[in-house]
Amino acid sequence: MSSSKQCPECESTHLYVHGDISARGGYGPDLLPGTSGVFTNAKMKAIVCKDCGLVRFYAQRDTLAKLSSDKGWQRLM
């Protein structure tokens, strides 16, 4: 996550953060496939701009460690 406290879309400083969001919702898609286990879900945090509504999701460190090509993730070059 960027250390900037300013929205990249509208340059507002009215940003709000919420952590420990499950990447694998009960009725929604698995947003980080291959990073959740049987009894654990990958976690993210969200940052939202109160002025323009831009939402950004960031995977937590332990989730990032689980990203690999054998789980379908491909590095962009």
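Every residue, every condition in (1) among the aromatic types (F, W, Y); (2) part of a loop (DSSP other than H, G, I, E, B), yes or no:
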site	(1), (2)
G26	no, yes
S36	no, yes
T40	no, yes
A46	no, no
G53	no, yes
Y58	yes, no
T63	no, no
L67	no, yes
Report summary line: Exception for S36 within (1) touching a residue at least 40 places away in the same chain (Cβ under 8 Å); (2) surrounded by 15 or more Cβ atoms within 10 Å (Cβ to Cβ) falls at (1)
Requested in this report: Given the conditions (1) within 14 Å of the chain's Cα centre (by Cα); (2) within 30 Å of C10 (Cβ to Cβ), report the number of the one that D51 does not fulfil.
Outcome: (1)
Report task. Evaluate the following for K5: is it open to solvent by 100 Å² or more (accessible area, probe 1.4 Å) and at pLDDT 95 or above? Result -> no
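The values are calculated or read from the model by the stated rules, or taken from the named source; none is laboratory data. Quick caveat: nothing in here was measured; it's all calculated off a predicted structure. Positions of Cβ are generated from backbone atoms using ideal geometry, with glycine treated the same way; all protein chains shown enter the neighbour counts. Ligands, DNA and RNA are excluded from the accessible area calculation, which covers all protein heavy atoms including side chains. Shrake-Rupley method; radii C 1.70, N 1.55, O 1.52, S 1.80 Å.
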